Amino acid sequence: MKITLLGTGTSQGVPVIGCSCEVCRSVDYRDKRLRVSVHLQVDGKSIIIDSGPDFRQQVLRERIRTLDALVFTHEHKDHTAGLDDIRAYNFSQHKDMPLYGEERVLEQLKREFSYIFSGIQYPGIPRVELHPITEEPFDVEGIRFTPIRVKHYKLPVLGYRVGDFTYITDANYISEEEKEKVRGSKVVVLNALRQEPHISHFSLQEAVDLLEDLQPERAYLTHISHLLGQHREVELTLPDFIRLGYDGLQFEV
C-alpha cells in the first residue's frame, strides 16, 4: 500500500491569509500546508479520504489520473468543499463516483451540493453514488476499511484503519475500546494542531502521548496549524518514531 499525504494543514491552511508569523513567512516547502487529505493506492485501487477545498490542486500536483472512490471522515467544509471537482473523473472514467460516509455526512453533502442531487440533471454536474456507512467495517472496491470512532469536541468523526495503516484526523478524544482497533498498526497518521491545548483537536503533546501508548512502528502528524511552529524545529523535539507529515509525503505500508 502506497500512501500520499495530499494535505496536512488545518482548516485555514498554512500560510494563513493576512498572517506574518515566522511559520507563514517560512520558505521551507514543508511549512506550506493545504487542507488535510490522504491518497491510498492499494491492490491497484485509488482511494482518497476527504476532498477539501484544495482537492483539485492536490490531485493535479500528485498526478492522480484515476480515482475509484472518496471516503469521508466527517462533514466539515475543509474536508468536503472540493467535491465538485470529481467531475473530471466522471468524464475520464465514464462512471459515477462512489462516496462513502455516515448518513449524517451524506445528508450534509446533499444540502451543500444540492444541484448534484436535484431532479434536474444539468449536463456536466458531478455524478455520484452514495454508500452510507456505520461503525462496522466495510469494503471499498474490495478494500476493507475499519472505522475508528473519535470525538472532535462533541462531533463524532471517523478515522479509518486499512490493513496496517490507520488515519485519524480532527480528533481530541479516542476511547480505550477504539484504541484497540488501532493497536498493531505499523503506521499511524494522527492530528496535532498546535502546542497549546485546543477544544477540538489534539495538541502536539497529547498526540505524542497517544502515539507512545499505541506504539506503531512509525507515525506522522497532520492537520497542523501555523501555531505548531516551523517544521524543522518541531521535528527535533519528537520521539524517533514520530515525524511531522508534510504535503506530498509518500510512504509504503
note = Selection over region 174-207 where residues are outside any loop (DSSP other than H, G, I, E, B), among the hydrophobic types (A, V, I, L, M, F, W, C) and closer than 21 Å to residue 23 by Cα yields a count of 3
query = Any idea which of (1) touching a His at 6+ places or on another chain (Cβ under 8 Å); (2) open to solvent by 20 Å² or more (accessible area, probe 1.4 Å) is the one residue 171 doesn't satisfy?
reply = (2)
query = So which of 107, 135, 112 ends up being acidic (Asp, Glu), surrounded by 11 or more Cβ atoms within 10 Å (Cβ to Cβ) and in contact (Cβ under 8 Å) with a residue 24 or more places away in the chain?
reply = 112
inquiry  = Any residue that is without any contact (Cβ under 8 Å) to a residue 12 or more places away in the chain and under 20 Å from the mean Cα position of the chain (by Cα) - is there at least one of those in region 165-184?
reply    = no
task = Keeping to region 28-73, report how many residues are of a type outside the set (Asp, Glu) and over 22 Å from residue 164 (Cα atoms).
result = 20
task = Determine whether residue 102 is open to solvent by 40 Å² or more (accessible area, probe 1.4 Å) and not small (Gly, Ala, Ser).
result = no
inquiry  = Where the second residue is of a type in the set (Asp, Glu) and surrounded by fewer than 18 Cβ atoms within 10 Å (Cβ to Cβ) and the first is closer than 23 Å to residue 58 by Cβ and lies in region 231-253, which pairs have Cβ atoms under 6 Å and are six or more apart or on separate chains?
reply    = 231/28; 244/235; 253/164
key: Matching residues, region 194-209, being in contact with a Phe, Trp or Tyr (Cβ under 7 Å, 6 or more places away or on another chain) and open to solvent by less than 20 Å² (accessible area, probe 1.4 Å)   = 200
query = Which one of these does residue 219 not meet: (1) closer than 15 Å to residue 14 by Cβ; (2) surrounded by 20 or more Cβ atoms within 10 Å (Cβ to Cβ)?
reply = (1)
ask   = Looking only at residues in region 147-173 that are of a type outside the set (Asp, Glu) and in a loop (DSSP other than H, G, I, E, B), which one is nearest to residue 215 (Cα to Cα)?
value = 163
query = Within region 224-244, restricting attention to residues that are out of contact with any helix residue (DSSP H, G or I) (no Cβ under 9 Å at 6 or more places or on another chain) and within 24 Å of residue 78 (Cα to Cα), which residue is least open to solvent (accessible area, probe 1.4 Å)?
reply = 225
query = out of contact with any Leu (no Cβ under 6 Å at 6 or more places or on another chain), of a type in the set (Asp, Glu), open to solvent by less than 80 Å² (accessible area, probe 1.4 Å) and closer than 19 Å to residue 38 by Cα, is that true of residue 96?
reply = no
query = What about residue 186, is it open to solvent by 50 Å² or more (accessible area, probe 1.4 Å), touching an Asp or Glu at 6+ places or on another chain (Cβ under 6 Å) and more than 19 Å from residue 15 (Cβ to Cβ)?
reply = yes
Selection status of residue 144, part of a strand (DSSP E or B), within 21 Å of residue 7 (Cβ to Cβ) and of a type in the set (Lys, Arg) = no
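The values are calculated or read from the model by the stated rules, or taken from the named source; none is laboratory data. Just so you know, these numbers come straight off a predicted model, no measurement behind them. Backbone-built Cβ (ideal geometry, glycine too); neighbour counts: all protein chains shown. Calculation scope for accessible area: heavy atoms of the full protein, side chains included, ligands and nucleic acids excluded. Shrake-Rupley method; radii C 1.70, N 1.55, O 1.52, S 1.80 Å.
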